[in-house]
Amino acid sequence: MLEVIIGKEGTQRFAINGSRVSRQHAKITVTDSGQWILEDLNSTNGTYIINENDELVQIKRVNITEFTRIVLADQTSMGFTFYAHHVLEEDPKNYQQEFRYVLEIHDKAIREKTEIDAKLQKKNMMKFLPGFISAMIGLMLTLLLPLHQKVYGVAVTAVFTTILQAFINIYIGKDSKLKNFNSKYSGKLICPCCAKPLSEIEFKNQMCSRCKAHA
């Protein structure tokens, strides 16, 4: 079993200097069976985790995973944020495992974005359907109806087009998938060392341009 006290005077290998972090702020326990437990040690400013919905949740004692993001006090320079895994690293400057984890999240995000774009493209194509159908109906009515009835054909075509357009608008609706996607991943695709949002070039290079953390 591994127990690590986290804080400005903790037993972790990496330095914590945030002014709002307590001397012995929290404790991480890794049991022999591989279970990870995070416990707040009655800290002054609280211990938090960032959940799957990117929400900041205050905890007293909770089961976590190796790659749970932990926040001591707050997410400013006065607090401290890190992945639980970092307590295992012998070299405090080594962020390879955490960076690889972020790369996996990025790969998942790319797959989801591709699916969303494909569905949006199909919906956008449907917007042209009423105009195409009305043009075909108008052409047929123009060819088939007597001259004195053509005006009725135009009216029928206009009404049909309006109704069809209304149904399609209801079907398409306001697509919130892209907005939800951005909310889901905006706080996850960041450097595990300095918390800088990573660009596509940095993901391609597998390295943060600011702090040089890499996979």
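The values are calculated or read from the model by the stated rules, or taken from the named source; none is laboratory data. From a predicted model like this one, the values you see are computed outputs, not experimental measurements. Note that each Cβ is placed from the backbone with ideal geometry, even for glycine, and that neighbours are counted across all protein chains shown.
Listed values, structure above:
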read-out	value
Residues within the range 11-38 that are of a type in the set (F, W, Y) and either over 21 Å from N94 (Cβ atoms) or surrounded by fewer than 17 Cβ atoms within 10 Å (Cβ to Cβ) (or both), tallied	1
Residue check, D91 exposed (fewer than 14 other Cβ atoms within 10 Å of the Cβ), modelled with pLDDT of 95 or more and charged (D, E, K, R)	yes
From V71, V87, residue being over 21 Å from Y185 (Cα atoms) and not acidic (D, E)	V87
Of the criteria (1) part of a helix (DSSP H, G or I); (2) at pLDDT 95 or above, which one S209 fails	(1)
Residues of the range 175-215 satisfying the condition of being exposed (fewer than 15 other Cβ atoms within 10 Å of the Cβ) and among the aliphatic types (A, V, I, L, M)	L178, I201
Subset of the range 60-87 (residues that are in contact (Cβ under 8 Å) with a residue 40 or more places away in the chain and either acidic (D, E) or under 22 Å from G34 (Cα atoms) (or both))	I70, D74, F82, Y83, A84, H86, V87
Within the range 28-38, tally of residues that are of a type in the set (V, I, T) and not in a strand (DSSP E or B)	1
Considering residues of the range 39-87 that are touching a helix residue (DSSP H, G or I) at 6+ places or on another chain (Cβ under 7 Å) and assigned to a strand (DSSP E or B) only, the residue surrounded by the fewest Cβ atoms within 10 Å (Cβ to Cβ)	I64
Every residue from the range 81-95 that is among the hydrophobic types (A, V, I, L, M, F, W, C) and within 21 Å of the chain's Cα centre (by Cα)	F82, A84
